[in-house]
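K.L.:
Input: one structure, supplied below.
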Amino acid sequence: MANWHVFESRDDMVIALKVAIESQLQAAIEARGQASWAVSGGSTPKPLFQAMQNAPLDWRHVDVALVDERWVDYDHPRSNEAFVAENLMQGRAASGCLVGMKSDHATPARGVMEVNKRFDALSLPFDSLLLGLGPDGHTASLFPGAEGIEVAFAESATTCVALTAIQSAVTGEEVERMSLSAKAIQEAAQVVLMITGDEKKQTLEAALSGDGSLPIARVYAMKPFEIYWAP
């Protein structure tokens, strides 16, 4: 039975998520003086990020890292790093440390070693990790049929992996990606999936009750995450 948290409104969902994530990060700070939070981009988590900006945490001791990134520069309109900086790393959260996934290398495959060095310097495994979901059943940048997908799901996978997605309406032109591996997601202390609307709810239900081959179902089989949904 999947771990669903269903809300009447998106505002209610944001409030509940803020409490859950803030509590997790605070506990990590109290336990070892440092917390790490991996976050996804996209429009869905934007109100959560804005709500978290002034969470009463000692943000100087919070590392915020990306779940995935398009292989684009910071000034690109679809940069996840820029999106998180603009919508989360403000107010009190401005004193936190944001760790990006883009290097100066020409491709993710060439940059993956450098990016892994950045992430391996963090307090791992992640204390909290926020996932999203695409209509094709992808989460992070674990796209169905992507080049590198099996490496990303391997037990020996590094924290970050390079993938090349099959271009679609979902990927847009940016098929070159950097993503957390399934292993890195599995090892996180708290993993939550934040989704809205009937379409994504139906996509998730179909994936979890189907043959289990879609990336979101494979991740769930490894780590039964908490699902937060609102219309």
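K.L.:
Would you order Ser181, Ser168 from fewest to most other beta-carbon atoms within 10 Å of each residue's own beta-carbon?
P.N.:
The most exposed by this proxy come first: Ser168, Ser181.
K.L.:
Below 8 Å between Cα atoms, with a sequence gap of 6+, how large is the relative contact order for segment 19-138 in percent?
P.N.:
33 percent
K.L.:
Moving to a separate point now. Label-point separation (nm) for His105 and Glu226, each offset 7 Å from Cα along Cα-to-Cβ?
P.N.:
Between His105 and Glu226, the label points sit 3.5 nm apart.
K.L.:
Next up: So if we plug the beta-carbon distance of Asp73 and Ser156 into 1/(1 + (r/R0)^6) with R0 = 35 Å, what FRET efficiency do we get, rounded to 0.05?
P.N.:
Working: r = 31 Å, r/R0 = 0.88.
E between Asp73 and Ser156, to the nearest 0.05, is 0.70.
K.L.:
Still on this structure: Can you tell me, using C-alpha contacts under 8 Å and at least 6 residues apart, the relative contact order of the chain as a whole percent?
P.N.:
Details: 474 pairs, mean separation 55.2, N = 231.
Relative CO of the chain lands at 24 percent.
K.L.:
Convert each backbone phi in segment 31-43 into a coupling constant with the Karplus relation 6.51 cos²θ - 1.76 cosθ + 1.60 (shift: θ = phi - 60°), then list the ³J(HN,Hα) values in order as whole Hz, x for Gly and Pro.
P.N.:
6, 9, x, 7, 9, 10, 10, 9, 10, 9, x, x, 6
K.L.:
Something else: When a footprinting reagent is the concern and you count Cβ atoms within 10 Å, what order do Cys160, Cys97 take, fewest first?
P.N.:
Cys97, Cys160
K.L.:
Now, a different point. Please list, ordered by chain and number, the residues whose modelled amide H lies under 5 Å from the amide H of Val39; skip anything fewer than 5 residues away on the same chain.
P.N.:
It is Ala65, Leu66, Val67, Leu130, by chain and number.
K.L.:
Rounded if a/c is under 1.5, else prolate if a/b is larger than b/c, else oblate: which is segment 69-196, with a ≥ b ≥ c the root eigenvalues of its Cα gyration tensor?
P.N.:
Here segment 69-196 falls in the rounded category.
K.L.:
Calculate one ³J(HN,Hα) per residue across segment 196-205 by plugging θ = phi - 60° into the Karplus curve 6.51 cos²θ - 1.76 cosθ + 1.60, and present them in order as whole Hz with x for glycine and proline.
P.N.:
Per-residue couplings from phi come out as 9, x, 5, 4, 6, 4, 5, 4, 5, 4 Hz.
K.L.:
On each of the three principal axes of the Cα atoms of segment 162-222, give max minus min coordinate, whole Å, ordered largest first.
P.N.:
29, 29, 23
K.L.:
Can you check what the net charge comes to around Gln186, using other residues whose Cβ is under 11 Å from the Cβ of Gln186 (Lys, Arg +1; Asp, Glu -1)?
P.N.:
Values: positive: Lys183, Arg218, Lys223; negative: Glu155, Glu187.
Cβ neighbours under 11 Å give a net charge of +1.
K.L.:
What lysines could a cross-link reach from Lys183, if we take a straight Cα to Cα line under 19 Å and drop same-chain neighbours fewer than 8 places away?
P.N.:
Of all the lysines, those that pass the test against Lys183 - Cα under 19 Å, at least 8 places apart if same chain - are Lys117, Lys223.
K.L.:
Contour minus end-to-end for Ala94 and Met113, with contour as 0.36 nm per residue of separation and end-to-end as the Cα-Cα distance?
P.N.:
So the extension gain works out to 4.1 nm.
Rule-based calculations on the coordinates, nothing more; no lab input. Since the model is a prediction, treat every value here as computed from it, not as a measurement. Backbone-built Cβ (ideal geometry, glycine too); neighbour counts: all protein chains shown.
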